């Protein structure tokens, strides 16, 4: 089993803010804005609250192609990976799915990523709390890279896709749909690692934080056994005396296969999934 650390959600160029760690510990990865994808922030729900409502509390505007957008209601977004069933009204055949295209998909192929491999999705997060019935970022809370979800691959689709995936942004967006590299990975109903679902999300605690305590978010506190393994887009120089320096650009970081990494990922899922 290969483990892929996959960077997703709001970043400095797309959105321009961290995603929220909600007061109850939920990790709400905010999809990046993306015109032509069909779904809007108003279509997506966390419990009884739409994403557009949450975003209006937290962000005065969001960044899209270098322009600040203040009206979230009609703004389309890229729901990918799609890991939580309750986010939308679903087809009965729905399972979690993740799409990739272009150079990032070629990168996954070059590293032999396929059925049975495990994506661990991480992003830029910050803690929030409620003030005067409004969700705000907690004062002085650190900016963190956090692993927020996972997907173990059971199916890979390219060229032809199941009808229940018609809503997915890699099928609704014409540019992606026309690409020869357009690929969708579907999550397993049950994980091969144990008796739990093959996809899901995590609750916030220090066990899912990549960032080393007291350091900037791109400086990670990986277990020591990672030091002897290759991680795509990185080199031995990424290892510093007391942290791992993750690269600022890149989406898919494929970790060399290792029983220790697989056991680490299994423990992460078993301990922290919701």
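Coordinate-derived values only; no laboratory data. This structure is a prediction, so every number in the text was calculated from the model and none was measured. FYI the Cβ positions are ideal-geometry reconstructions off the backbone, even for glycines, and counts take in every protein chain you see.
Could you tell me which of rounded, prolate or oblate describes the range 54-154, using a ≥ b ≥ c as the square roots of the eigenvalues of the alpha-carbon gyration tensor, with rounded for a/c under 1.5 and, failing that, prolate when a/b is larger than b/c and oblate otherwise? Don't skip to the end; give the middle numbers.
Details: a/c = 1.80, a/b = 1.72, b/c = 1.05.
It is prolate, given that a/c is not under 1.5 and a/b is the larger ratio.
Just from the alpha-carbon atoms, what are the Rg and Dmax of the range 150-226 in angstroms?
So, for the range 150-226, Rg and Dmax equal 17.4, 47 Å respectively.
Taking every DSSP beta bridge that has both residues in the chain, what percent is antiparallel when rounded to the nearest 5?
Within the chain, antiparallel bridges account for around 85 percent of the total.
In nm, to one decimal, how far is the residue 270 label point from the residue 68 one, both placed 7 Å along Cα→Cβ?
A separation of 4.9 nm, rounded to one decimal place.
Over 25 Å apart: what share of the alpha carbon pairs of the chain falls there, rounded to a whole percent? Mind dumping the intermediate values first?
On the way: 16553 of 37401 pairs.
I get 44 percent for the Cα pairs in the chain exceeding 25 Å.
Taking a ≥ b ≥ c as the square roots of the eigenvalues of the Cα gyration tensor of the range 1-104, is the shape rounded (a/c under 1.5), prolate (a/b larger than b/c) or oblate?
Rounded.
So, R0 is 35 Å and r is the distance between the beta-carbons of residue 213 and residue 158; what FRET efficiency does that work out to, to 0.05? It would help to have the intermediate numbers written out before the result.
On the way: r = 41 Å, r/R0 = 1.18.
Computed FRET efficiency for residue 213 and residue 158 comes out at 0.25.
222 nm [θ] for the chain, helices only, -39500 (n - 2.57) per DSSP H run of 4+, per residue, to 500? Display every interim value, and only then the final one.
Numbers: 5 runs with 39 residues, N = 274.
After summing the helix terms and dividing by residue count, I get -4000 deg cm²/dmol.
Hey, in the GNM for the chain with a 10 angstrom Cα cutoff, which one of 118, 260, 39 fluctuates hardest?
Taking springs between Cα atoms under 10 Å, the residue moving most is 260.
Can you give me the C-alpha center-to-center distance between the range 104-150 and the range 36-103, rounded to a whole angstrom?
15
Could you sort 156-162, 209-215 so that the peptide with the highest average Cβ count within 10 Å comes first and the rest follow in order?
209-215, 156-162
Using the per-residue mean of other Cβ atoms lying within 10 Å as a proxy for protection, in what order, highest first, do the peptides 4-10, 198-204, 85-91, 184-190 fall?
Per-residue mean Cβ counts within 10 Å order the peptides as 4-10, 198-204, 184-190, 85-91.
If packing is taken as the average count of other Cβ atoms within 10 Å, what order do 103-114, 57-68 fall into, highest mean first?
Highest-to-lowest ranking by the protection proxy: 103-114, 57-68.
For the range 133-268, just run the numbers: alpha carbon Rg, then divide by 2.2 N^0.38 Å, N being how many residues it has. Mind dumping the intermediate values first?
On the way: Rg = 18.0 Å, N = 136, 2.2 N^0.38 = 14.2 Å.
Output field value: 1.27.
If you restrict to DSSP beta bridges whose two residues both lie in the range 1-95, what percentage is antiparallel, to the nearest 5? Write down the numbers at each step before the final one.
Numbers: 9 of 10 bridges.
Given both bridge residues lie in the range 1-95, the antiparallel proportion sits at roughly 90 percent.
How high is the relative contact order of the range 1-144, in percent, with contacts defined as C-alpha pairs under 8 Å that are six or more residues apart?
On the way: 239 pairs, mean separation 48.8, N = 144.
It comes to 34 percent, rounded to a whole number.
Mean-square fluctuation check for the chain, GNM, Cα pairs under 10 Å: which of 14, 228, 173 is largest?
Per the Cα network of the chain with a 10 Å cutoff, 228 tops the list.
Need one number for the range 115-182: average projected area of the convex hull over its C-alpha atoms, nm². Before the final figure, lay out each step's value.
Values: hull surface 29.7 nm².
If you wrap the Cα atoms of the range 115-182 in a convex hull and average its projections, you get 7.4 nm².
Once fully extended, how much extra length lies between residue 260 and residue 48, figured as 0.36 nm per residue of separation less the alpha-carbon to alpha-carbon distance?
Numbers: separation 212, 0.36 × 212 = 76.32 nm, distance 3.99 nm.
Extra length available between residue 260 and residue 48 comes to 72.3 nm.
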